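Student: Let me give you the structure first, and then I'll get to my questions.
The values are calculated or read from the model by the stated rules, or taken from the named source; none is laboratory data. Just so it is clear, the model here is predicted, and its values are computed rather than measured. Reconstructed Cβ throughout: ideal geometry from the backbone, glycine too, with neighbour counts over all protein chains shown.
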Amino acid sequence: MPSSQPSNEDVIQPAIGLKGWLRWTWRQLTSMRTALILLLLLAAAAVPGSVFPQRSADPNGVTAYFDANPTLAPILDKIQMFDVYTSAWFSAIYILLFASLIGCVLPRTAAHARALRLPPVATPKNLKRMPAFKAVAVTGIKNQDELLAKAETLLKKQGYRVAREGEGSTGSVSAERGYLRETGNLIFHLSLIGVLIAVGVGGGMSYSGQRVLVEGESFVNNLAGYDSFSPGTFFNENQLVPFSVQLDKFEVDFYRDLTLKNKANAGTPTDFRAYVTTTMGSTGKKSAGLIRVNEPLSMPRANLYLTGNGYAPSITIRDAKGVVVYSGATAFLPQDKNYTSLGVIKVTDVPKQYGIISFFYPTVGELPSGALTSLYPDAAIPMLSMNIYQGDLGINGGQPKNVFALDVKNMKQIAGGKSGVKGLRLQLGETAVLPKNLGTVTFDGLRRFASLDVDYNPGGVWVLAFALLALAGVTTSLLVPRRRVWVRKTEAGFEMAALARGDDPALEKVVADLAAQLTPNKSKAKKVAKPATTDQPKETDE
Amino acid sequence: MNSISLNADLAAISRLVVEGAMLIYTFAFLTFAYHLSQLASVKKSVRAGATKLQRIGIVLLAIAATVHGVGVVLRGIAASRVPWANMYEFSITGSFVVVLIFLTALAIKDIRLIATFVSGFSLLILGTADTIFYIEVKSLMPALQSYWLVIHVMVAVLATSFFNIAAALSIAYLFKTAKWVKASKLKVVDLMRRILALFPTEDKLERLSYRFNIIGFILWTFTLIAGAIWAERAWHRYWGWDTKEVWTFIIWTIYAGYLHANATRGWNGKRSAWLAVVGFVAILFNFTVVNLFFKGLHVYSGLK
Ligand code: HEM
């Protein structure tokens, strides 16, 4: 392009040079080749996100990666390898791609709208050059125009748009079908823009909150009600409809095989059910609900999902005088498929703080090494083991600490491990004496907990609608054939030709069928010429 | 529910039946391969006898597919659900669908010459499934208990099968157009050249591959959407760049690139054929490496 080379004239009139240059850039950007390269770049750019852990999907994985690769991780982090899908480079590619898409599709939409209103193109002079061609000799046609009229009717019936040109011996019919192909293509590309906008706007207005609920507990749908909460950019707190949810009961089914033939399957969970009662804040109306995996509970502007579960042993701790210093059901995090679970108890209302790291085994068994393990996920022989640490719990510092972890760096172990005092073991209902005259601990009961995810994304239905529209568009575009057909009167009879956009295996057949239909008496028709080009599909055996 | 009944004995029978099918596939594959070598013979009399071989091969392939189908159905009955909930089952069902589509397509298009590839490839998948992926029948984890397992996965299997056949055609195209194949004086290459001469023309291979790929692309687009709908139900968001989602997206984008390449001057022909092959390699990668070694929700460690 000449305008890309600045010359002296450009210096005198810089505006034109700039404009020309911009136009050149725009033309490059909206070219088919650029679109293709950007698509392939996008595919390649998505790969690292599946290789490295991503902050959005797997924050713990990122932390673990930093621990395992302390030198490499910060470098990778600099080039946003842990945030691939929001990274500058990934965004740049898809923004360019969509700019190209808009620049390409809008003019095409306008052109297509014009084409829809115009008659089919004029019949070319030389039909023989078309990929499918046939000349038929017919004798004894009384009315020259009759044949063309018939061709017109036949083609119209097959969904062609038809134009008649000329009269008598020089007359012809020009027909075109398959405008839907281009319509489908444009709908597809335009819908992709719709998907992108719906994803962006919907994501901004969405929120996601997590809450662990032990059976019997409830929470209120406000910011304080959640253990963790991630709002979109445009979220505001008023979006949260006031309601509360109580977990009444949590049930799990495990696969039981009494024949013990299928050992691999024994103990696999087959169903989780969270029975809840919801109360609307505005009306106080209560209703019962059930949440299962794959079956979230719909609330106004919120969907409640079941994302995890486990055991919550009820524990009561009394000091040496018998005063209760800790009491309640604490959620323990499952560590394996038999629900060996880890829990942390922090006792703060005592002169010298202490913490307990505890394992829970729903069906306890002993390994050859003497260590405990869980043999089955259901609570058949429940057992708690406890190691106790005394010292600074780090709670008074004002720093929020993970409820599932105990930082024992500044603490002294007083039971279990190498402390010289055996770790405690309690069966359900048992009470054990704590070391150092700290009092007693009782394993009073056992409940279950459910982790709930509360999510709302108003963009979801729009994304789906545009995605389905895109699917319909692309299907139409790829499967509807677009072709032009011409019929022209000749001295000897008539000739016809067809041309397709893209690959069209039926092209020859279309012409042959039309010829047969137009010939008054088949025996009189005689093929006088073969297709000029033979590269059109014709299925042959080997 | 505990009422789900798993039948371990029937599963064992199913495995035997599938292994039986593998044996017949082996015969079919050898017949097709032998047929090709006969066709490439310089002697006219040898070439004339080859057509019969091909017919025998097709019959063997049909028998193998029938036995294979029985094995798949038995597996489904043994597990009392659809037989595509883990890698083993996905492999045996997927390879069955590939052969089924190939045999059906034979009625419409003459693509008999890729029979060697199709039977060999299915045999390879079955062999891998039987030796590496095999597991006992298991009940479905709650996340998989959804009718989307039936729809989403079935359509993915179908799409994969169409892409598979298209890739075979594109590979044939690439060999046929390769400069080194045309020029080399090596004896092996000469034999290959003669075999390739029997294949449909370059033009036709390209068009056939395109036909299979567009069907595959439509089905894959549906797979992607259905997956997002299911993810919204099961994982509380319709899209989260989970590894499996990432690869579904990558594959979709590669094939979108392929479709563009077909309409871009300088990119149709060899380059687009390469894209069709790369797309299929990405599918294989998604199914093997991503499934086995990458971390993600699809292995479902969240709920235990
Ligand atoms: C998000 C980016 C894009 C995607 C995913 C995409 C996808 C597709 C797909 C799947 C097709 C084949 C189906 C059909 O014909 O409807 C197609 C065709 C087409 N695309 Fe795109 N496209 C994108 C961007 C673009 C851009 C930027 C342009 C303009 C430069 C473009 C121009 C075209 C054209 C002209 C066709 C028709 C090709 C033919 O005649 O076969 N596309 N696109």
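Student: Are any of the residues in segment A:108-120 touching a Lys or Arg at 6+ places or on another chain (Cβ under 8 Å) and farther than 24 Å from B:W239 by Cβ?
Tutor: If we filter segment A:108-120 for residues that are touching a Lys or Arg at 6+ places or on another chain (Cβ under 8 Å), which is where we start, we get A:119-120.
Narrowing the set further to residues that are farther than 24 Å from B:W239 by Cβ leaves A:119-120.
Yes, segment A:108-120 contains a residue that is touching a Lys or Arg at 6+ places or on another chain (Cβ under 8 Å) and farther than 24 Å from B:W239 by Cβ.
Student: While we're on this one: Mind checking which pairs have a first residue in segment A:176-194 that is within 14 Å of chain B (Cβ to nearest Cβ) and a second that is more than 9 Å from the ligand (Cβ to nearest atom) and hydrophobic (A, V, I, L, M, F, W, C), Cβ under 6 Å, 6 or more apart or different chains?
Tutor: A:R181/A:V480; A:S191/A:F466; A:S191/A:L469; A:G194/A:F466
Student: May I ask you to say which residue of A:G328, A:G322 is away from chain B (no Cβ under 14 Å) and outside any strand (DSSP E or B)? Reasoning before the result, please.
Tutor: On the way: A:G328 fails: outside any strand (DSSP E or B).
Matching residue, one of A:G328, A:G322: A:G322.
Student: Just one of (1) outside any helix (DSSP H, G or I); (2) within 11 Å of the ligand (Cβ to nearest atom) trips up A:T34, so point out which.
Tutor: The failed condition is (1).
Student: Quick check on B:F96: is it part of a helix (DSSP H, G or I), at negative phi, at pLDDT below 90 and within 13 Å of the chain's Cα centre (by Cα)? Working first, answer last.
Tutor: Numbers: part of a helix (DSSP H, G or I): yes; at negative phi: yes; at pLDDT below 90: no; within 13 Å of the chain's Cα centre (by Cα): yes.
So B:F96 fails the test.
Student: For segment A:313-324, indicate whether the set of residues that are in contact with a helix residue (DSSP H, G or I) (Cβ under 7 Å, 6 or more places away or on another chain), more than 18 Å from A:I388 (Cβ to Cβ) and either surrounded by fewer than 18 Cβ atoms within 10 Å (Cβ to Cβ) or assigned by TED's automatic domain parsing to the domain that holds A:A450 (or both) is non-empty.
Tutor: Initially, segment A:313-324 is screened for residues in contact with a helix residue (DSSP H, G or I) (Cβ under 7 Å, 6 or more places away or on another chain), giving A:320.
Applying the additional criterion that residues be more than 18 Å from A:I388 (Cβ to Cβ) yields none.
No: segment A:313-324 contains no residue that is in contact with a helix residue (DSSP H, G or I) (Cβ under 7 Å, 6 or more places away or on another chain), more than 18 Å from A:I388 (Cβ to Cβ) and either surrounded by fewer than 18 Cβ atoms within 10 Å (Cβ to Cβ) or assigned by TED's automatic domain parsing to the domain that holds A:A450 (or both).
Student: Are any of the residues in segment A:420-433 at pLDDT below 90, surrounded by fewer than 17 Cβ atoms within 10 Å (Cβ to Cβ) and either within 14 Å of chain B (Cβ to nearest Cβ) or at positive phi (or both)?
Tutor: Of all residues in segment A:420-433, those at pLDDT below 90 come to A:420-423.
Then drop every residue that is not surrounded by fewer than 17 Cβ atoms within 10 Å (Cβ to Cβ), which leaves A:420-422.
Still in the list and also either within 14 Å of chain B (Cβ to nearest Cβ) or at positive phi (or both): A:420.
Checked against the condition, which is being at pLDDT below 90, surrounded by fewer than 17 Cβ atoms within 10 Å (Cβ to Cβ) and either within 14 Å of chain B (Cβ to nearest Cβ) or at positive phi (or both), segment A:420-433 yields at least one hit.
Student: Here's something else I'd like to know. Looking at B:F212, is it within 16 Å of the ligand (Cβ to nearest atom) and either surrounded by 21 or more Cβ atoms within 10 Å (Cβ to Cβ) or not hydroxyl-bearing (S, T, Y) (or both)? Give the derivation first.
Tutor: Values: within 16 Å of the ligand (Cβ to nearest atom): yes; either surrounded by 21 or more Cβ atoms within 10 Å (Cβ to Cβ) or not hydroxyl-bearing (S, T, Y) (or both): yes.
Judged against the criteria, B:F212 is a match.
To keep it simple, each residue is scored yes or no on (1) among the hydrophobic types (A, V, I, L, M, F, W, C); (2) more than 16 Å from the ligand (Cβ to nearest atom); (3) more than 14 Å from every other protein chain (Cβ to nearest Cβ); (4) part of a loop (DSSP other than H, G, I, E, B).
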| site | (1), (2), (3), (4) |
| --- | --- |
| A:A73 | yes, yes, yes, no |
| A:L76 | yes, yes, yes, no |
| A:F82 | yes, yes, no, yes |
| A:Y85 | no, no, no, no |
| A:I102 | yes, no, yes, no |
| A:L106 | yes, no, yes, no |
| A:A111 | yes, no, yes, no |
| A:L116 | yes, yes, yes, no |
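Student: Is one or more of the residues making up segment A:109-132 charged (D, E, K, R) and within 26 Å of B:I218 (Cβ to Cβ)?
Tutor: Going residue by residue through segment A:109-132, those that are charged (D, E, K, R) are A:114, A:117, A:125, A:128-129.
Retained after the next criterion (residues that are within 26 Å of B:I218 (Cβ to Cβ)): none.
Checking segment A:109-132: not a single residue is charged (D, E, K, R) and within 26 Å of B:I218 (Cβ to Cβ).
Student: Moving to a separate point now. The conditions are (1) under 35 Å from the mean Cα position of the chain (by Cα); (2) more than 14 Å from every other protein chain (Cβ to nearest Cβ), and A:D336 fails exactly one of them. Which is it?
Tutor: (2)
Student: Of everything in segment A:54-66 that's in contact (Cβ under 8 Å) with a residue 24 or more places away in the chain and surrounded by fewer than 19 Cβ atoms within 10 Å (Cβ to Cβ), which residue is farthest from the ligand (Cβ to nearest atom)?
Tutor: Residue satisfying both the conditions and the ranking: A:R55.
Student: I'm trying to understand the selection: among the residues of segment B:250-266, which are at the interface with chain A (Cβ under 7 Å from one of its Cβ atoms) and either crowded, with 20+ Cβ neighbours inside 10 Å or out of contact with any helix residue (DSSP H, G or I) (no Cβ under 7 Å at 6 or more places or on another chain) (or both)? Explain how you work it out, then say what you get.
Tutor: Of the residues in segment B:250-266, the ones at the interface with chain A (Cβ under 7 Å from one of its Cβ atoms) are B:250, B:253-254, B:256-257, B:260-261, B:263-264.
Answer for segment B:250-266, where residues must be at the interface with chain A (Cβ under 7 Å from one of its Cβ atoms) and either crowded, with 20+ Cβ neighbours inside 10 Å or out of contact with any helix residue (DSSP H, G or I) (no Cβ under 7 Å at 6 or more places or on another chain) (or both): B:I250, B:T253, B:I254, B:A256, B:G257, B:H260, B:A261.
Student: From the list A:L375, A:L367, which residue is without any contact (Cβ under 8 Å) to a residue 12 or more places away in the chain and surrounded by fewer than 20 Cβ atoms within 10 Å (Cβ to Cβ)? Write out each step before concluding.
Tutor: Details: A:L375 fails: without any contact (Cβ under 8 Å) to a residue 12 or more places away in the chain.
One residue alone meets the criteria, A:L367.
Conditions (1) out of contact with any Pro (no Cβ under 8 Å at 6 or more places or on another chain); (2) within 14 Å of B:A166 (Cβ to Cβ); (3) within 16 Å of the ligand (Cβ to nearest atom), marked per residue:
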position	(1), (2), (3)
B:D242	yes, no, no
B:F249	yes, no, yes
B:L259	yes, yes, yes
B:K270	yes, no, no
B:F280	yes, yes, no
B:L284	yes, yes, no
B:V289	yes, no, no
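Student: What strands (runs of 3 or more DSSP E) lie completely within segment A:346-453 and have 1 or more residues being within 26 Å of A:D227 (Cα to Cα)? Even if it seems obvious, please write down each step before you answer.
Tutor: Values: elements: A:354-361, A:364-366, A:372-374, A:383-391, A:411-415, A:424-427, A:431-434.
Ranges flagged: A:354-361, A:383-391.
Student: For residues that are among the polar types (S, T, N, Q) and facing chain A (nearest Cβ under 8 Å), scanning just segment B:185-244, find the one that is farthest from A:V51 (Cα to Cα).
Tutor: Applying the first criterion (among the polar types (S, T, N, Q)) to segment B:185-244 yields B:201, B:209, B:213, B:221, B:223, B:243.
When the remaining residues are screened for being facing chain A (nearest Cβ under 8 Å), the result is B:221, B:243.
Numbers: B:T221: 24, B:T243: 8 Å.
The selected residue is B:T221.
Student: For segment A:455-470, which residues satisfy the criterion of being facing chain B (nearest Cβ under 9 Å) and modelled with pLDDT of 95 or more?
Tutor: A:V463, A:L464, A:A467, A:L468, A:A470
Student: Being of a type outside the set (A, V, I, L, M, F, W, C) and more than 14 Å from chain B (Cβ to nearest Cβ) is the filter here, so list the residues in segment A:302-319 that pass it.
Tutor: So in segment A:302-319, the residues of a type outside the set (A, V, I, L, M, F, W, C) come out as A:303, A:305, A:307-311, A:313-314, A:316, A:318-319.
Correct list: A:P313, A:S314, A:T316, A:R318, A:D319.
Student: Residues A:G61, A:G20: which one is more than 10 Å from chain B (Cβ to nearest Cβ) and at pLDDT below 90?
Tutor: Numbers: A:G61 fails: more than 10 Å from chain B (Cβ to nearest Cβ).
Being more than 10 Å from chain B (Cβ to nearest Cβ) and at pLDDT below 90 holds for just one of A:G61, A:G20, which is A:G20.
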